[in-house]
Amino acid sequence: MSMLLDEYMRGSGSEGYLSDDDLERQLQAGQSLPSPPLPSSRPARADSEQDAASLLTNAFAQIAIQEDKEQTVDTAVKAASHGVKVLAPLLTAITNWVDPQAQSEQLEQVMAKTLQRVSKDALYVVSAFGLASEDSPPWLTSQISGQIMEVLIRAIERNNGLVLEDQNRAYLAPLVNLAKQAEGIATSFYSNTHDSTWQIVNALTLASAEVMTEYQAFSYFHSDPQGIAQMITDHLNERVVLGTLEAMEKRFGLSESERAYLGNSLIRQAGRMLAEAWSRNISTTLEAVKEMPRDLRRETVVNGYPLDQVFSDFENMYQGIEVSAISAIRSLSPHREKQSMRAGYANRMG
């Protein structure tokens, strides 16, 4: 296992036609994929306002103490600590697949494969900025690697092993799109991590990438990853940013920093829920396609299966998070709710 840490620290037919055999292979491709359990969407219980204030005070105090301590910590020690922080969640996720004591060799193989994928994919995203790998600033490669690692760990936790197969980079489409839209590194999120607008954009990008890891495992017969990635981003933006967040901003008078903080949480959670919904509908989709008449089945496999049920399942889960967020602010800071708007939003959002 120490070798893995060392290496990681150093490395910081014709279009439109399918034969019957092709059809069968595509239908069989997703049958062995496991469906994760439905996550709970019940609203979380809110603590008292006093307890919340105390927690925040203690948190900021600990941050200040930590910053003072870090001034006296050697760079190599910081690097080792960062490596442990990165590898620990990965190790925890992989142990859902393999027994670390009985299958230690297999465990190291999966970890090595994941780290290699992170390294290669980070440089792939860097290239979207027009940079060669040797010209990439270490801080840029490090930030991108951290984002990719987080996305891959979430996929592994959903039992998505196909995301580790490096022949397919579909899940990187949102990150690549964002890099291409930026006019160089200086105007990208990676140089403006404290900018509230960029924080929302980055959250949308990572949430979309998380859903795209499930697209990479099973595409629902949609062959355009760029188009699907954009559709997912647009849906999350419309539902969460223009829907929940904009309404809560007006309802509770959120500041710019509060909007970014809450928005990041809502968007990332929405991305995880949409990824869960995508994965959970695979089996029923395959069964439905198998039961179709031959001509309809061929058309579906060529042109794509409707995603209505995926988005419907996502909506059923997301509404619970939406209500929970509203209830939390109401409970902790009831004075913030604008009474003139309360009745109008009550019917829409709870």
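Among residues of the stretch 185-200 that are under 20 Å from residue 262 (Cα atoms) and of a type outside the set (Lys, Arg), those with a beta-carbon under 9 Å from a residue that is at pLDDT below 80 and in a helix (DSSP H, G or I) at least six positions away or on a different chain give the pairs 192/186. Once the stretch 201-239 is narrowed to residues that are within 24 Å of residue 260 (Cβ to Cβ) and of a type in the set (D, E, K, R), the residue that is surrounded by the most Cβ atoms within 10 Å (Cβ to Cβ) is 210.
Against the list (1) acidic (Asp, Glu); (2) over 27 Å from residue 182 (Cα atoms); (3) assigned to a helix (DSSP H, G or I), the condition residue 121 fails is (2). Within the stretch 325-343, none of the residues are modelled with pLDDT of 95 or more, within 30 Å of residue 194 (Cα to Cα) and surrounded by 13 or more Cβ atoms within 10 Å (Cβ to Cβ).
Taking the stretch 101-135 as the range and being surrounded by 14 or more Cβ atoms within 10 Å (Cβ to Cβ) and more than 24 Å from the chain's Cα centre (by Cα) as the test, the residues that pass are 103, 106, 108, 131. Set side by side, the residues 115, 140, 91, 107 differ, and just one is under 23 Å from residue 204 (Cβ atoms) and aliphatic (A, V, I, L, M), which is 140. Checking each residue in the stretch 87-106 for being in a helix (DSSP H, G or I) and closer than 19 Å to residue 154 by Cβ picks out 87, 88, 89, 90, 91, 92, 93, 94. Within the stretch 92-121, residues that are among the charged types (D, E, K, R) sit with their Cβ atoms under 7 Å from residues that are assigned to a helix (DSSP H, G or I) and at pLDDT 90 or above, at 6+ positions apart or across chains, in these pairs: 117/152; 121/148; 121/172. Scanning the stretch 173-188 for any residue that is in a helix (DSSP H, G or I) and of a type in the set (Lys, Arg) turns up at least one such residue.
Looking at 204, 162, 178, 172, which is the one that is modelled with pLDDT under 90 and closer than 22 Å to residue 240 by Cα?
Criteria check complete, one pass: 178.
The values are calculated or read from the model by the stated rules, or taken from the named source; none is laboratory data. The structure presented is a predicted model; accordingly, all values stated were derived computationally and were not measured. Glycine gets a Cβ as well: all are built from the backbone with ideal geometry, and neighbour counts include every protein chain shown.
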